[in-house]
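The values are calculated or read from the model by the stated rules, or taken from the named source; none is laboratory data. Keep in mind it's a predicted model, so treat the numbers as computed, not measured. We place every Cβ from the backbone using ideal geometry, glycine too, and count neighbours over all the protein chains shown.
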Amino acid sequence: MKKFFAHLKGDAFGGITAGIVALPLALAFGVSSGLGPSAGLYGAIFISFFAALFGGTPTQISGPTAPMTAVSMVVIAGIIAANDGSLEKALPYILTVFLMAGLFQIGLGVLGFGRYIKYIPYPVVSGFMTAIGVIILVTQILPSIGYYPKEDAEYVNQFKPQAEELILENILKEEAGEDILVLEDFKETISRASKVTEADIAKESQTLAKKEASGVLGTLKVLPRAIKSINWLELALALATIFIVYGFKRITTKIPSALVALLVVSGVAYGFNLGYRPIEEIPFGLPLPNLEIITGFSLKSITPYIFTAITLALLGAIDSLLTSVVADNMTKTKHNPNKELVGQGIGNSIASVFGGIPGAGATIRTVVNINAGGKTKLSGMIAGVMLLIITLGLGPVASKIPAAVLAGILITVGIGVMDYKGLKAIPALPKDIKIGPLKLSSEVLIMLIVLVLSSLWDLIYAVGIGLVIASLLFMKKIGDLTAQRSDVKPLKEEAWADEGGFPVNLKEEVFIKHIKGPLFFGSTSDFQQLALQIPRTAKTVIIRLGRMQYMDQSGLYAMEDVLIDLKKQNMNVLFVNLLKQPRYMMERIDIIPDLIPKEHIFKDFDACLKWVKANVKDEY
């Protein structure tokens, strides 16, 4: 306990400062997600406190982040649309998905997956982060100019026929579910349809309009309409916010510029009674748990979102552990990745129960905490408590913040989150693949694929496709490299240092194969040509395996095929320096001893050479 409070002064100052920095971002991410500013605040409070308490990075400050919010936005919009556009009906399902993501994170930590996050290729991360920036930047254009598609009557009316069709389709689905749908008699259908009001159709039309105008493509579709309906006051508030965020940093970085912009622009707008659009009201009092997650749980309703929850968990893990590395570099310490994942999972799970959006380790807030003196996990816990105090004391005041101000803050976040380091490197990266007549860099190709697919289609599938392409290209490179280094050459063309004393008179009778890397599915095709390349004079084949550290199942069966071919040609095959893992694999399917007797396996080349001198006759 004494150690826990050893750096109380630094932790208190770091936590309070980080909490103040987190406030405008939490509000902005909450609004952006679609659940409202309170969801952002609750996420920041609970994730910050519990991820710090149970996590493995002492100085980490956690909460809603741009990547997690961007994915959450898609999840929330999809579930709301599937629940007749009603946030109230959709909320339990949304929070259940967030809870599952937290539980999956705990599972990742318990199973020790923290150490494997580092294997995600940089181009995938780079393309994803830049796409997050593009998504946030583009989707905040409409609120920054005061245009809300579902409030545009002319635009909403375009969806009236589709809304009527959807309502009728839902009626038929309900009847089918109740076993009362009779094709010969639509009396019940007509009766139910007659109860549908114009208000119901208008509400469904608004939901469809909002869905159509969501995301990057949706925003670009309605942008011409939006430009014709610019609210100049909202635009002025957003631009003033952006100007202060960037301008104030030139004066000092000790005070968070986003907080200054929030206070100044909101103060002016409220003080002069400018008639702006405020954010949604933040509930007063302590956050209360949403028990419908438990009471209204339905496996059928959340099954389609299990993969999404896993993706959220993985994204949060990557986001958090990258920040942990930054914290390590600044504090010269070493984080515990698996413990960190457990802490993040606990934080996200508890936040979801209280209606908060999911989050992760936040780089900027963590850096602020460290620079302000934060040393232990107490700093992250203090940041959460600080936000709770602000929520309890200033909730009604925060509800007066203009929506355009948060849109302006988010635009600066979108610009800042892009991976400029990766973008700047595009011209310099080597063009190592050829597609038709074009020469391209595989790294750039992967990054652009992830960037475009994430921005215009689906974040989750984009990352999956990026990982598959990156893995395939990597395996091809390794396979080509292994094949290149493992060329089959006769002894007289290539000799290792210990082969200098090989008898000259037996060089025609003995063929040596050097394997200089793993034998896996990317390199098996070249290895299988071995039997075809052996000179006719050779009756003994020595396969040197000291540099073959690994063999997968494809390599195992390729080896078996080659050995069977050589046995049919009555050739003796000798193994030299067979390592532990490949030997284990070959013993499992009886290559050893059925095809290679144990007496034909030698620890080193000298032992093998003795056998050759004793058993191979000079015939040529």
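The table below gives the values:
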item: Qualifying helices (runs of 4 or more DSSP H) (wholly inside the range 521-620; at least 2 residues being more than 48 Å from the chain's Cα centre (by Cα) and small (Gly, Ala, Ser)); result: 605-615
item: Test set (1) of a type outside the set (Ser, Thr, Tyr); (2) touching a strand residue (DSSP E or B) at 6+ places or on another chain (Cβ under 8 Å); (3) part of a helix (DSSP H, G or I); (4) free of Cβ contacts under 8 Å to residues at least 24 places away in the same chain - VAL468 fails condition number; result: (2)
item: Contacts under 8 angstrom Cβ, first residue in the range 385-402 being not assigned by TED's automatic domain parsing to the domain that holds LEU274, partner at pLDDT below 80, 6 or more apart; result: none
item: Residues (in contact (Cβ under 8 Å) with a residue 60 or more places away in the chain and not aliphatic (A, V, I, L, M)) located in the range 579-614; result: PRO582, ASP604, PHE605, ASP606, CYS608, LYS613
item: Of the criteria (1) farther than 20 Å from ARG277 by Cα; (2) modelled with pLDDT of 80 or more; (3) crowded, with 17+ Cβ neighbours inside 10 Å, which one THR189 fails; result: (2)
item: Residues (under 18 Å from LEU410 (Cβ atoms), of a type in the set (S, T, N, Q) and under 32 Å from the mean Cα position of the chain (by Cα)) located in the range 227-282; result: THR241, SER257
item: Options GLY275, GLY296, GLY316; residue that is among the small types (Gly, Ala, Ser) and modelled with pLDDT under 85; result: GLY296
item: Residue match in the range 284-307 (condition: closer than 30 Å to PRO402 by Cα, in a loop (DSSP other than H, G, I, E, B), aliphatic (A, V, I, L, M) and out of contact with any Cys (no Cβ under 8 Å at 6 or more places or on another chain)); result: yes
item: Residue match in the range 433-455 (condition: modelled with pLDDT under 85 and touching a Ser or Thr at 6+ places or on another chain (Cβ under 7 Å)); result: yes
item: Hits in the range 377-433 (condition: of a type in the set (Val, Ile, Thr), within 29 Å of GLY275 (Cβ to Cβ) and out of contact with any strand residue (DSSP E or B) (no Cβ under 7 Å at 6 or more places or on another chain)); result: ILE390, THR391, VAL397, VAL405, ILE409, ILE411, THR412, VAL413, ILE415
item: Which listed residue, of LEU137, LEU168, LEU111, LEU142, is more than 29 Å from LEU25 (Cβ to Cβ), among the hydrophobic types (A, V, I, L, M, F, W, C) and within 28 Å of the chain's Cα centre (by Cα); result: LEU111
item: The range 86-106 residues that are assigned by TED's automatic domain parsing to the domain that holds LYS339, paired with ones that are charged (D, E, K, R) and part of a helix (DSSP H, G or I) (beta carbon under 7 Å, 6 or more apart); result: PRO92/GLU292
item: Enumeration of residues in the range 392-409 that are at pLDDT below 85 and either among the charged types (D, E, K, R) or buried (at least 22 other Cβ atoms within 10 Å of the Cβ) (or both); result: ALA398
item: Within the range 575-620, considering residues that are more than 24 Å from LEU556 (Cβ to Cβ) and of a type in the set (Lys, Arg), the one surrounded by the fewest Cβ atoms within 10 Å (Cβ to Cβ); result: LYS617
item: Yes/no for ASN577 being in contact with a Gly (Cβ under 6 Å, 6 or more places away or on another chain) and not assigned by TED's automatic domain parsing to the domain that holds MET475; result: yes
item: Which numbered condition SER349 misses (of (1) more than 18 Å from GLY56 (Cα to Cα); (2) surrounded by fewer than 23 Cβ atoms within 10 Å (Cβ to Cβ); (3) among the small types (Gly, Ala, Ser)); result: (1)
item: Condition met for TYR155 (more than 25 Å from ILE469 (Cα to Cα) and assigned to a loop (DSSP other than H, G, I, E, B)); result: no
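Residues are listed down the side, and each one gets a yes or a no for (1) more than 30 Å from GLU154 (Cβ to Cβ); (2) surrounded by 14 or more Cβ atoms within 10 Å (Cβ to Cβ); (3) out of contact with any Phe, Trp or Tyr (no Cβ under 7 Å at 6 or more places or on another chain); (4) assigned by TED's automatic domain parsing to the domain that holds ILE141:
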site	(1), (2), (3), (4)
ARG225	no, yes, no, no
LYS249	yes, yes, yes, yes
THR252	yes, no, yes, yes
PRO256	yes, yes, yes, yes
ALA269	no, yes, no, yes
LEU286	yes, no, yes, yes
GLU292	yes, yes, yes, yes
